[in-house]
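Shown next, in structure tokens, is the structure this report addresses.
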Amino acid sequence: MNAYDLPTSLEIGGVGYSIRYNWRAVLDILIAHNDPELDPEAQTMVMLQILYPAWYSIPPEHIEEAIRKGCDFIDAGQKDDGKPKPKMIDWEQDASIIIPEINKVAGREIRLSPDIHWWTFLGWFMGIGDGLLASVLHIRQKKAKGQKLEKWEQEFYTANKAICDLQRRYTAEEQAEMDNLNKWLN
């Protein structure tokens, strides 16, 4: 993939397949990827179905290539070093602090433009400077590394725990079990 182009299709097995390249479609994929009700195979299927409008026409022998190229598209062609990293962002939980910051960088309300290309959205995201999101991510990073928070960071964290702490998502079964246990404890 060429960083100077905005792909609207991906070549799979020598055939071009159009993709849903807009930011909302990709965020739907990323949100599904965090859904505890979906196993990895179901998450992959969701990605294929959302990203490729004609996913059903991809020959079975090319599905792995479609998955790999879909992931490369979502990652904007950036290669990972392969080392596991702690989760720092939750696109669904953090939406209320991400969108205003992207609006600042973009100079407009992006929710009014549903057809913005994912790579454009991602570029704006990477252009976010100081602000609420940067503070939250900085604190999450320090906490993940076990580093001590500065006084102002601790005060900010104490006042904003709900946005600083990533919420664990539970399956319906796990939640029912916890609710039942809480009922007995209260």
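The values are calculated or read from the model by the stated rules, or taken from the named source; none is laboratory data. If you're wondering where the values come from, they're calculated on a predicted model, not measured in any experiment. A quick note on method: Cβ atoms are made from the backbone with ideal geometry, for glycine too, and the neighbour counts reach across all protein chains shown.
Of all the residues in region 44-63, those that are surrounded by 15 or more Cβ atoms within 10 Å (Cβ to Cβ) and part of a helix (DSSP H, G or I) number 10.
Of everything in region 111-124 that is in contact with a helix residue (DSSP H, G or I) (Cβ under 6 Å, 6 or more places away or on another chain) and in a helix (DSSP H, G or I), the residue that is surrounded by the most Cβ atoms within 10 Å (Cβ to Cβ) is TRP118.
For region 3-14, residues that are without any contact (Cβ under 8 Å) to a residue 24 or more places away in the chain and out of contact with any Ser or Thr (no Cβ under 9 Å at 6 or more places or on another chain) total 3.
To keep it simple, each residue is scored yes or no on (1) under 24 Å from ALA95 (Cα atoms); (2) touching a residue at least 60 places away in the same chain (Cβ under 8 Å).
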{"site": "GLY16", "(1), (2)": "no, no"}
{"site": "ARG24", "(1), (2)": "yes, yes"}
{"site": "LEU30", "(1), (2)": "yes, yes"}
{"site": "LEU48", "(1), (2)": "yes, no"}
{"site": "ILE58", "(1), (2)": "no, no"}
{"site": "ARG68", "(1), (2)": "no, no"}
{"site": "ASP72", "(1), (2)": "yes, yes"}
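Considering the conditions (1) surrounded by 15 or more Cβ atoms within 10 Å (Cβ to Cβ); (2) in a loop (DSSP other than H, G, I, E, B); (3) of a type in the set (D, E, K, R), ASP130 is excluded by exactly one of them, (1). Remark: pairs (first residue in region 118-130, in the same structural domain as ASN103 (by TED's automatic domain parsing) and more than 12 Å from GLN78 (Cβ to Cβ); second residue of a type in the set (D, E, K, R) and assigned to a helix (DSSP H, G or I); Cβ separation under 7 Å; 6+ apart in sequence or on different chains) = ILE128/GLU101.
Of note, ILE99 satisfies the criterion of being under 14 Å from the mean Cα position of the chain (by Cα) and in the same structural domain as ASP130 (by TED's automatic domain parsing).
Residue check: is GLY82 among the small types (Gly, Ala, Ser), in a loop (DSSP other than H, G, I, E, B) and farther than 27 Å from ILE110 by Cα? Break it down stepwise before answering.
Values: among the small types (Gly, Ala, Ser): yes; in a loop (DSSP other than H, G, I, E, B): yes; farther than 27 Å from ILE110 by Cα: yes.
So GLY82 passes the test.
In region 137-160, which residue that is among the polar types (S, T, N, Q) and outside any helix (DSSP H, G or I) is nearest to the chain's Cα centre (by Cα)? Among those that are among the polar types (S, T, N, Q) and outside any helix (DSSP H, G or I), it is ASN160.
So is ASP75 closer than 29 Å to GLU173 by Cβ and surrounded by 12 or more Cβ atoms within 10 Å (Cβ to Cβ) or not?
Values: closer than 29 Å to GLU173 by Cβ: no; surrounded by 12 or more Cβ atoms within 10 Å (Cβ to Cβ): yes.
No; evaluated as a whole, the condition is false for this residue.
Applying a threshold of 9 Å to beta carbon distances and a minimum spacing of six or more residues, or different chains, the list of pairs starting in region 79-99 at a residue that is farther than 17 Å from ASN34 by Cα and ending at one that is charged (D, E, K, R) and loosely packed, with under 12 Cβ neighbours inside 10 Å reads ILE99/GLU109.
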